[in-house]
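Taken together, the values in this text are just the output of simple stated rules run on the coordinates, not laboratory data. Model, not experiment: these values are computed from the prediction. So basically every Cβ, Gly included, is an ideal-geometry build from the backbone, and we count neighbours across all protein chains shown.
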Amino acid sequence: MAILQPLIDLAEICYAHGIRHVIISPGSRSAALTLAFSRHDGFEKTVVMDERSAGFIALGMAQQLGAPVVLICTSGSAAYNYAPAVAEAFFQQIPLLILTADRPSEWIHQLDGQTIYQSEIYGKHVKKSYTIPADYSHKDARWMINRSANEAVICTQSIPPGPVHINIPIREPFYPSTGENFAVSPDVRIVKKTESQATLSTEIWHKLLNEWDSFDNILIAGGQYKKSEKLNNSLDKISRELGVPVLGDSISNQSASEEFITYHDLFLPISNSDRLRPELLITYGLSFISKSLKQFLQNNPAVQHWHVSEDDHLVDTFFSITNQIPVSAEYFFENLFDRLDYQHFVQGEDSTNDASFQENWNLANRKFKRLSIQYLNNLTSLNDLTAVNMVVNALPAASQLHLANSMPIRYVNSLGDAVKHLEIFANRGTSGIDGCVSTALGAASITEKPVFLLVGDVAFLYDRNGLLIRPLPDNLKIIVLNNSGGNIFRMIDGPANVPELESYFETRHPFTARRTSEDSNITYYEASNFESLNVVWNQFLSNNTISLLEIFTDPVDNAKAWKDFKNHIAAEW
């Protein structure tokens with residue numbers, strides 16, 4: 001038996017639970033973990049030297065797989081570099097299994113190299129944290145390690161899924177000796193958890209339907225959610241046949257109906273709230289992008305607010321929640337429609353909802369869609385807004401579009417249903433700019449779909465270490481909006497009006513993505529006006545390897561274009 005046999009068995013436990021992808025960052029203290037997984041034939045292994053990028057690459061993979069990805073790193077600050085990705089995975093409910101090698105506990109704070117306080121290092125940003133014994137000789141220690149490993153993998157996937165951490169103190173020697181038996185224990189124990197689906201009783205459904213029938217003005221709003229044909233079909237039926245407005249930001253991936261409300265980010269700040277205020281609000285999904293929507297619903301609270309979520313955590317973004325319904329959105333809305341449809345059939349009547357409420361939402365949505373398209377189509381100069389509008393409308397159907405935070409996601413969200421042909425992803429768990437390149441890399445390495453990343457120059461430069469992995473996925477295309485700094489601060493009234501804007505907020509810089517592309521062997525294109533963009537666009541799309549298009553714009557022009565766009569539409573309304 002190998003000296004570190006429980007770690008060899010840990011790899012087999014992960015495999016038996018269906019894990020197939022492992023991200024490894026090089027290190028010595030983690031050697032036993034690295035060898036346990038690298039010598040196992042069942043895993044796809046990716047080596048990433050930068051742990052911060054490694055964490056987000058794993059997140060992008062797990063996001064696509066719907067299954068845990070293993071992260072392995074050495075002791076010390078290496079483990080801390082996973083923290084941004086771990087926090088993002090926690091709030092996006094993405095399963096990760098983080099394995100951090102550590103020094104034995106007696107060496108903490110004894111001036112020993114690469115030794116920090118690693119036990120529970122991620123705090124509340126993991127579902128659960130384990131620290132296993134450093135000594136494996138006693139049978140109880142081996143039993144505890146086996147039990148913890150099985151429990152940790154189960155925990156990552158239990159609803160709601162999320163990251164789980166196992167901290168692993170390892171004593172020397174941690175490299176196998178020549179001829180040492182490096183094989184899984186013949187009696188390694190695998191513990192499974194039977195899956196179940198949450199449902200609602202007939203009694204609860206009767207209560208919910210009675211509450212539904214007591215309101216005329218009902219609104220359904222979706223937060224960040226994976227693209228789901230089943231859910232979209234149910235929402236489409238509820239909207240068309242029951243007369244209920246359904247809205248969602250771009251990250252809700254609502255795409256089945258022309259009736260869905262998608263331009264709310266533009267019209268809610270200036271619309272008549274009395275006509276649009278819901279009596280019953282039903283929400284599902286994770287975060288919302290639109291500040292306008294959040295402020296509208298906070299300032300006009302519904303009488304009843306149902307939030308459909310299997311998360312135990314109570315979320316009250318709009319100050320109005322009255323009922324958390326612990327089932328999946330697919331189950332809830334499919335059953336809601338079927339039961340209401342049957343009820344109306346038995347009673348011999350159509351929907352009793354106030355038709356004018358949905359029409360008020362639809363009128364505003366249609367008008368602002370028309371105003372938005374007309375205004376943008378008449379602009380002739382290249383700026384961030386017009387570039388994003390052109391790019392989004394020209395992307396091939398069924399592609400994935402990954403959006404960096406700051407302005408790219410706000411531009412796209414203002415374009416309404418221009419993105420309905422795309423599958424939208426964004427790191428809105430913590431909404432940071434870190435990791436967007438690496439997340440897209442991880443996603444592209446799993447899916448066979450075309451993957452596009454729309455990213456600002458600062459976010460791109462911040463995360464370019466992700467491009468050090470090999471091989472890079474050929475199906476990834478990166479679009480960098482380079483306005484020489486953090487342009488969002490020019491859009492915000494506070495920093496936009498202070499003399500320190502350029503030096504301390506925008507952090508103006510002269511860098512481009514050209515050298516990074518050359519270093520990573522990425523085909524590079526650039527454009528600084530519509531003429532050059534039109535010339536290179538088809539070349540960029542048709543290139544059959546990973547490629548990058550850098551669009552250069554002026555920050556002052558960008559700020560003016562964005563404000564003029566909002567002001568023009570407000571004036572027309």
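Here the calculated FRET efficiency for TRP573 and ASP493, from their Cβ-Cβ distance with R0 = 25 Å, stands at 0.75, rounded to the nearest 0.05.
Positive-end ranking of ASN475, GLN157, HIS344 along the dipole of the chain, with charges on Cβ about the Cα centre, is headed by ASN475.
For the cross-link pairs LYS367/LYS563; LYS291/LYS369; LYS294/LYS560, the ones whose C-alpha atoms lie over 21 Å apart are LYS294/LYS560.
Classification of segment 106-168 by its C-alpha gyration tensor yields an oblate form. The axis ratio a/c (a ≥ b ≥ c) is 1.5 or more, and b/c is at least a/b. Modelled spin labels at SER399 and LYS139, positioned 7 Å past Cα toward Cβ, are 6.1 nm from each other.
Placing one equal scatterer on every Cα of segment 139-220 and applying the Debye formula, the log10 ratio I(q)/I(0) at q = 0.15, 0.18, 0.23 Å⁻¹ is -0.83, -1.01, -1.20. Length available on full extension from ASP312 to ASN362: 0.36 nm per residue minus the Cα-Cα distance, which gives 14.6 nm.
Note down, for the chain, the three equivalent ellipsoid semi-axes (square root of 5 times each alpha carbon gyration tensor eigenvalue), biggest first, whole angstrom.
Square roots of five times the eigenvalues give 43, 33, 20 Å.
Rounded to the nearest 10 degrees, the inclination of helix 5-16 to the longest alpha-carbon principal axis of the chain is 30 degrees. Shown for ASP312, ASP474, ASP50: other C-beta atoms within 10 Å of each C-beta, ranked fewest to most, produce the order ASP312, ASP474, ASP50.
Mind running the shape call on segment 5-169? Use the C-alpha gyration tensor, a ≥ b ≥ c as the square roots of the eigenvalues: rounded below 1.5 for a/c, prolate if a/b tops b/c, oblate otherwise. Rounded, because the longest to shortest axis ratio a/c is under 1.5. Here r is the Cβ-Cβ distance between PHE345 and GLN197 and R0 is 30 Å; the resulting FRET efficiency, rounded to 0.05, is 0.70. Look at the alpha carbon pairs under 8 Å that are at least 6 residues apart: their mean separation over the length of the chain gives a relative contact order of 13 percent.
Maximal additional length on extending the GLU172-ILE116 stretch stands at 18.4 nm, based on 0.36 nm per residue less the C-alpha distance. Segment 88-133 and segment 556-573 have Cα centres separated by 48 Å.
Could you check the simple spin-label distance between ASN272 and LYS230, using points 7 Å along Cα→Cβ, in nm with one decimal? So the two model labels end up 4.1 nm from each other.
The fewest-to-most ranking of HIS125, HIS165, HIS307 by surrounding Cβ atoms within 10 Å reads HIS125, HIS307, HIS165. Suppose R0 equals 22 Å; then what is the FRET efficiency for ARG20 and THR545 from their Cβ-Cβ distance, rounded to the nearest 0.05? About 0.30, to the nearest 0.05. Simple spin-label estimate for TYR504 and VAL535 gives 4.2 nm between the two label positions (7 Å along the Cα-to-Cβ direction from each Cα). Label segment 200-343 by shape, choosing from rounded, prolate and oblate, from the square roots a ≥ b ≥ c of the eigenvalues of the Cα gyration tensor; if a/c is under 1.5 it is rounded, and otherwise prolate applies when a/b is larger than b/c, oblate when it is not. Rounded, because the longest to shortest axis ratio a/c is under 1.5. Just to confirm the number: angle between the C-alpha axis of helix 83-92 and the first principal axis of the chain, 0 to 90 degrees, nearest 10? Long axis of 83-92 versus the principal axis of the chain: about 50 degrees.
Tell me, Kirkwood radius of segment 259-376 from alpha-carbon pair distances, in Å? So the Kirkwood estimate lands at 16.1 Å. The value of relative contact order for segment 202-363, using C-alpha pairs under 8 Å at least six residues apart, is 27 percent.
With a 10 Å Cβ neighbour count serving as the proxy for reagent exposure, in which order, fewest first, do ASP384, ASP554 appear? Let's see the in-between values first.
Details: ASP384 24, ASP554 17.
Placing the least packed residue first, the sequence is ASP554, ASP384.
Any lysines with Cα under 25 Å of the LYS45 Cα? List them, leaving off those in the same chain fewer than 8 positions away. Those lysines meeting the cut-off are LYS127, LYS128, LYS192, LYS449, LYS477.
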